[in-house]
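Working notes for the structure below.
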Amino acid sequence: MNSEHTQSPCETLSHMIQGYKNSQLVYLAAKLGVADLLAAGPKSADEIVISTGTNAQALCRIMNGFVWCGLVIQREDKLFELTSLGECLRSDASDSLKDEALFTGEILGPAWSAIHNTVKTGITGFDHFFGMGIFQYLTEHPEIGESFNKVMVKCTAAMSESVLAVYDFSPYREVVDVGGGFGALLTSILKKHPGIHGVLFDISSVIQGAKDRLEKEGLLNRCTIVAGDFFNSVPQGGDLYILKSIIHDWDEADCLRILKNCHKAMGTRGKILLVEWIMPEIVDNATNGVNLDLTMLMVSGGQERTEREYRALFDSAGFQLNRIIPTPSGKSLLEGIPKT
């Protein structure tokens, strides 16, 4: 007789309902730096209390929670030791998820808690909860802004290889990375194509991090770093303008402002290249991009778009959507040229 238990639909749904507990415990472990504290070896709850400046009784119970969700184990000598799962929260781990846990706990969690208000009013959960837009908040709170930028660098670095695998950048002389963050994608392009000069364009609070990264990669002499606001203008003279995961952050009016500024800056000879998810006209529970689309709804007010919606957006901004190139990452490249 098969002794394996198959979960009923209600049991599966119950696990989904209770999922917030794991998320909050992982966030708290990242916030307290528990993985870094235990990196050198097991510690007692009292030692962790002293290091974290927490309430002793509450911390002991929380440590039990960390055991329950698999981040640590409690040995027979009552010392707590990291598991392989907990190791992923170490700051120095090559595949560290600490910044993702911090950003999720401090930004995404509160934003999603306002989901009922969002569906009633259309106002993003983030704006409702924090009283300001996400990018203003990240500028005013540089510590969590740093975590956000690190998460974006990690995501972009993982995606860069798939972009370079399907798109030939060699014909271009000057590539402008609009809203390029710390320059992860532009770094990959410049490394592969020594003849290209790069322009990294982003807000002033991001510029120093971008400069540090490009200098570390030995590319600062091949890249101009410009601070500014893409709603006002973008650097002129590029023959390719890349916007990776930028357009999905904004509503139609803001998207048109960004795209029209790119159109104006490149004149008639340039091209624009978006790196975005493309939503199908009909979704199912395996549709890539739904998760991100809901995040845009709750956090920035943007959205993932269908091919038809992108064609309309390009047309309104004065571009012709020239071709769509799928990448191994699941995202697509949307190449546009100025309409004649």
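Please go through segment 40-61 and pick out each residue that is in contact (Cβ under 8 Å) with a residue 12 or more places away in the chain, in a helix (DSSP H, G or I) and over 18 Å from R90 (Cα atoms).
Once the filter is applied, which keeps residues that are in contact (Cβ under 8 Å) with a residue 12 or more places away in the chain, in a helix (DSSP H, G or I) and over 18 Å from R90 (Cα atoms), segment 40-61 yields A45, L59, C60.
So which residues in segment 300-340 are without any contact (Cβ under 8 Å) to a residue 40 or more places away in the chain, part of a strand (DSSP E or B) and more than 25 Å from the chain's Cα centre (by Cα)?
Q320, L321, R323
Being under 25 Å from L334 (Cβ atoms) and of a type outside the set (V, I, T) narrows it down to one residue among P171, P194; which is it?
Numbers: P194 fails: under 25 Å from L334 (Cβ atoms).
Of the residues listed, the single one that is under 25 Å from L334 (Cβ atoms) and of a type outside the set (V, I, T) is P171.
G70 - would you say it is under 30 Å from W112 (Cα atoms), part of a loop (DSSP other than H, G, I, E, B) and at pLDDT 95 or above?
In short, yes.
When only residues in segment 265-299 that are loosely packed, with under 13 Cβ neighbours inside 10 Å and touching a residue at least 12 places away in the same chain (Cβ under 8 Å) count, which is nearest to F231 (Cα to Cα)?
G267
Return a yes/no flag: does segment 184-207 have any residue that is crowded, with 16+ Cβ neighbours inside 10 Å, out of contact with any Phe, Trp or Tyr (no Cβ under 6 Å at 6 or more places or on another chain), polar (S, T, N, Q) and under 20 Å from S94 (Cβ atoms).
Taking every residue of segment 184-207 in turn, at least one turns out to be crowded, with 16+ Cβ neighbours inside 10 Å, out of contact with any Phe, Trp or Tyr (no Cβ under 6 Å at 6 or more places or on another chain), polar (S, T, N, Q) and under 20 Å from S94 (Cβ atoms).
Being surrounded by 15 or more Cβ atoms within 10 Å (Cβ to Cβ) and at pLDDT 95 or above narrows it down to one residue among R213, R222; which is it?
Details: R213 fails: at pLDDT 95 or above.
Just a single option satisfies the conditions, and that option is R222.
Quick grid of which residues meet (1) of a type in the set (D, E, K, R); (2) exposed (fewer than 12 other Cβ atoms within 10 Å of the Cβ); (3) without any contact (Cβ under 8 Å) to a residue 12 or more places away in the chain:
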{"position": "L28", "(1), (2), (3)": "no, no, no"}
{"position": "L71", "(1), (2), (3)": "no, no, no"}
{"position": "D92", "(1), (2), (3)": "yes, yes, no"}
{"position": "D95", "(1), (2), (3)": "yes, yes, yes"}
{"position": "K98", "(1), (2), (3)": "yes, no, no"}
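Scan (1) within 31 Å of the chain's Cα centre (by Cα); (2) small (G, A, S); (3) more than 20 Å from K150 (Cβ to Cβ); (4) at pLDDT 95 or above for the single condition S44 breaks and write down its number.
(1)
Provide a single number: the residues in segment 52-66 that are exposed (fewer than 15 other Cβ atoms within 10 Å of the Cβ) and either assigned by TED's automatic domain parsing to the domain that holds E146 or within 17 Å of A30 (Cβ to Cβ) (or both).
So the answer is 1.
Here's the yes/no breakdown for (1) in a loop (DSSP other than H, G, I, E, B); (2) polar (S, T, N, Q); (3) more than 22 Å from I189 (Cβ to Cβ); (4) assigned by TED's automatic domain parsing to the domain that holds Y167:
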| residue | (1), (2), (3), (4) |
| --- | --- |
| C255 | no, no, yes, yes |
| K260 | no, no, yes, yes |
| A265 | no, no, no, yes |
| T268 | yes, yes, yes, yes |
| V275 | no, no, no, yes |
| E281 | yes, no, yes, yes |
| D284 | yes, no, yes, yes |
| T287 | yes, yes, yes, yes |
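The values are calculated or read from the model by the stated rules, or taken from the named source; none is laboratory data. Not measured: the values here are computed from a predicted model. Using ideal geometry, Cβ is built from the backbone for each residue, glycine included, and neighbour counts are taken over all protein chains shown.
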